[in-house]
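Novice: Could you have a look at this structure, given as structure tokens, before my questions?
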Amino acid sequence: MPCSNADPLFLILGFHSKQRQESLKGEAVFSDCWLSLRLSAECVKMNLLAKTPPMGWNSWNTFGPNISDALIRETADTMVNEGLLDVGYEYLVIDDCWSLKERNAEGHLVPDPVKFPFGMKALADYVHEKGLKFGMYSCDGTKTCAGYPASLEHEFTDAQTFAAWGVDFLKYDNCYKPTSLEGKLLYRRMAMALRATGRDILFSACNWGTENVETWIRSTGAHMWRSTGDINDSWASIKNLVLSQDDHEPFSGPGCFNDIDMLVVGMYGKGNVGFGGCNDTQYKTHFALWCMMNSPLMIGCDIRVMNEITKKILTNPELIAINQDPEGRQPYRVRPSMASDTEIRVFVKPLLGGDYAIGFFNLSDQKVSPALELWDIGLPASSGCGLMLHDTWTHEDIGVFYESIQPVLDPYDCAVYRATLVLP
């Protein structure tokens, strides 16, 4: 419901001060002045979206246009039954190709009655009954990327439609946008339209990293923003997206996270973006990188048929904890000694409570042994301190390290540790 002064749950916060005034005779007099800040419980709630990177599932990577009511219901069942909701995957998002090719006479978007014979409200209700949140898709141009009606000049109508259906997440793409219109204006417009509905709708801005989006997207009200082009299910695609992130460290945090695109873990070359596929080691490193870099975690495989290795990767509790750390600090990159600077990535991320996540990532097809000198993260040998390392893949403590850490990494592999400072 919209914020209202009549809301019985309003919280009244009074700030008392003395206001100095001048009398007609020039004497100083003071009167009581109160500033009351009224925040309803609903308004407070609306400010809490995306405090950590959003997690969920999206239909595009595997299914593209081949979506249906039955698919979404089965996926919702699987998210619950396979424990994905339990570890944080809460949004179930329908991507492009869900509507008819024309709006109705009243100017409203219409779900394809063949794909979604019961309508979107009934489907959203089913998703909500499972304890999940329901997401949909539109675009800031005249058409969506697949050529369906988009929301340019229909922002407020479409936002009200989505809210009436029970939508909790809107992915907003960037196709067929008039070149004379600035993206920042169009994302502001849809953000305002969504807020005007009074419903909590997470706004996922997908402009592919164009128009220097990182410098203005937070101010629009978006909760996550794409910094990349589309991913596909290949190691080359994953590697290119990772290498594109070097300058984005300052532009992500609670309330508005940098989205490196959806996950391809478990696709194995099948589906809409299945361009050759990856092996399990590459999927493992892909997932760990997205966790370390605080990217939203949106599963893209068909979870109804995922194997145990895929499930183990996607539900790794220690990596998810790093991704969902409440402080939401971006990792910083350290250039390792004795290793290639172009195909090795070492990241260090401060965590709530004083721990650090430290990740070593081998993007190459060669075995490597990169060395992280602890001087480079602010821990000199003269301090007498060390780091106790806990392996987030084996879930074992591996010992206290002083001066340097140097794991051996097979091709495409990674090592991610949770590190605790050990005092002398």
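Novice: Just a yes or no: is a residue in segment 352-360 on the phi > 0 side of the Ramachandran plot, assigned by TED's automatic domain parsing to the domain that holds VAL400 and either of a type outside the set (D, E, K, R) or in contact (Cβ under 8 Å) with a residue 40 or more places away in the chain (or both)?
Specialist: In the first step, residues of segment 352-360 are kept if they are on the phi > 0 side of the Ramachandran plot; the result is 353-354.
With assigned by TED's automatic domain parsing to the domain that holds VAL400 added as a condition, the list becomes 353-354.
Then keep just the ones that are either of a type outside the set (D, E, K, R) or in contact (Cβ under 8 Å) with a residue 40 or more places away in the chain (or both); that gives 353-354.
Yes, because at least one residue in segment 352-360 is on the phi > 0 side of the Ramachandran plot, assigned by TED's automatic domain parsing to the domain that holds VAL400 and either of a type outside the set (D, E, K, R) or in contact (Cβ under 8 Å) with a residue 40 or more places away in the chain (or both).
Novice: Considering only segment 73-84, state which residues are touching a residue at least 12 places away in the same chain (Cβ under 8 Å) and either surrounded by fewer than 22 Cβ atoms within 10 Å (Cβ to Cβ) or at positive phi (or both).
Specialist: Looking only at segment 73-84, we keep the residues that are touching a residue at least 12 places away in the same chain (Cβ under 8 Å), and these are 73-80, 82-84.
If the condition is that a residue be touching a residue at least 12 places away in the same chain (Cβ under 8 Å) and either surrounded by fewer than 22 Cβ atoms within 10 Å (Cβ to Cβ) or at positive phi (or both), then ARG73, GLU74, ASP77, THR78, VAL80, GLU82, GLY83 are the ones that fit.
Novice: Criterion first (crowded, with 21+ Cβ neighbours inside 10 Å and assigned by TED's automatic domain parsing to the domain that holds HIS108) does PHE169 satisfy it?
Specialist: Values: crowded, with 21+ Cβ neighbours inside 10 Å: yes; assigned by TED's automatic domain parsing to the domain that holds HIS108: yes.
Spelling it out, PHE169 is indeed crowded, with 21+ Cβ neighbours inside 10 Å and assigned by TED's automatic domain parsing to the domain that holds HIS108.
Novice: Out of all the residues in segment 138-148, is one or more farther than 17 Å from CYS256 by Cα, surrounded by fewer than 19 Cβ atoms within 10 Å (Cβ to Cβ) and either in contact with a Gly (Cβ under 7 Å, 6 or more places away or on another chain) or of a type in the set (S, T, N, Q) (or both)?
Specialist: Among the residues of segment 138-148, at least one is farther than 17 Å from CYS256 by Cα, surrounded by fewer than 19 Cβ atoms within 10 Å (Cβ to Cβ) and either in contact with a Gly (Cβ under 7 Å, 6 or more places away or on another chain) or of a type in the set (S, T, N, Q) (or both), which makes the answer yes.
Novice: Could I ask something else about it? What strands (runs of 3 or more DSSP E), lying completely within segment 343-424, carry at least 2 residues that are within 24 Å of the chain's Cα centre (by Cα), of a type in the set (Phe, Trp, Tyr) and within 23 Å of PRO317 (Cβ to Cβ)? Please lay out each step first, then the result.
Specialist: Details: elements: 344-350, 356-362, 386-391, 396-401, 414-422.
Answer list for segment 343-424: 356-362.
Novice: With modelled with pLDDT of 95 or more, over 30 Å from SER237 (Cα atoms) and in contact with a strand residue (DSSP E or B) (Cβ under 6 Å, 6 or more places away or on another chain) as the only criterion, which of SER404, SER383 stands out?
Specialist: On the way: SER383 fails: in contact with a strand residue (DSSP E or B) (Cβ under 6 Å, 6 or more places away or on another chain).
Result of the check over SER404, SER383: SER404.
Novice: Kindly provide the set of residues from segment 360-379 that are of a type outside the set (Gly, Ala, Ser) and surrounded by 15 or more Cβ atoms within 10 Å (Cβ to Cβ), ordered by number.
Specialist: Restricting attention to segment 360-379, the residues satisfying the condition of being of a type outside the set (Gly, Ala, Ser) are 360-363, 365-368, 370, 372-377, 379.
If the condition is that a residue be of a type outside the set (Gly, Ala, Ser) and surrounded by 15 or more Cβ atoms within 10 Å (Cβ to Cβ), then PHE360, PHE361, ASN362, LEU363, VAL368, PRO370, LEU372, GLU373, LEU374, ASP376, ILE377, LEU379 are the ones that fit.
Novice: Under 18 Å from the mean Cα position of the chain (by Cα) and within 23 Å of SER99 (Cα to Cα): which single residue out of TYR187, TYR176 fits that description? Show your work before the answer.
Specialist: Details: TYR176 fails: under 18 Å from the mean Cα position of the chain (by Cα).
Only one candidate passes the filter, namely TYR187.
Novice: Moving on. Name every residue in segment 380-389 that is surrounded by 13 or more Cβ atoms within 10 Å (Cβ to Cβ) and free of Cβ contacts under 8 Å to residues at least 40 places away in the same chain, in order of residue number.
Specialist: Filtering segment 380-389 for residues surrounded by 13 or more Cβ atoms within 10 Å (Cβ to Cβ) gives 381, 383, 385-389.
Across segment 380-389, the qualifying residues are ALA381, CYS385, GLY386, LEU387, MET388, LEU389.
Novice: Could you grab the pairs with beta carbons closer than 8 Å, sequence gap of 6+ or different chains, first residue in segment 267-284 and closer than 15 Å to ASN307 by Cβ, second one of a type in the set (Gly, Ala, Ser) and at pLDDT below 95?
Specialist: Final answer for the pair search is GLY269/GLY276.
Novice: A follow-up question, please. Kindly indicate the residue of segment 265-274 that is of a type in the set (A, V, I, L, M, F, W, C) and within 17 Å of ASN66 (Cβ to Cβ) and also surrounded by the fewest Cβ atoms within 10 Å (Cβ to Cβ) among those meeting that condition.
Specialist: Applying the first criterion (of a type in the set (A, V, I, L, M, F, W, C)) to segment 265-274 yields 265, 267, 273.
From what's left, within 17 Å of ASN66 (Cβ to Cβ): 267, 273.
Numbers: MET267: 26, VAL273: 21.
Taking the candidates together, the pick is VAL273.
Novice: Of all strands (runs of 3 or more DSSP E) completely enclosed by segment 130-217, which ones contain at least 1 residues that are touching a residue at least 12 places away in the same chain (Cβ under 8 Å) and more than 20 Å from PRO111 (Cα to Cα)?
Specialist: On the way: elements: 133-139, 169-173, 202-205.
Result: 202-205.
Novice: Tell me the residue from LYS312, LYS349 that is of a type in the set (Lys, Arg) and buried (at least 16 other Cβ atoms within 10 Å of the Cβ), please. Show your work before the answer.
Specialist: Details: LYS312 fails: buried (at least 16 other Cβ atoms within 10 Å of the Cβ).
One residue alone meets the criteria, LYS349.
The values are calculated or read from the model by the stated rules, or taken from the named source; none is laboratory data. Computed from a predicted model, the values in this text were never measured in an experiment. Cβ atoms come from the backbone with ideal geometry, glycine included; neighbour counts cover every protein chain shown.
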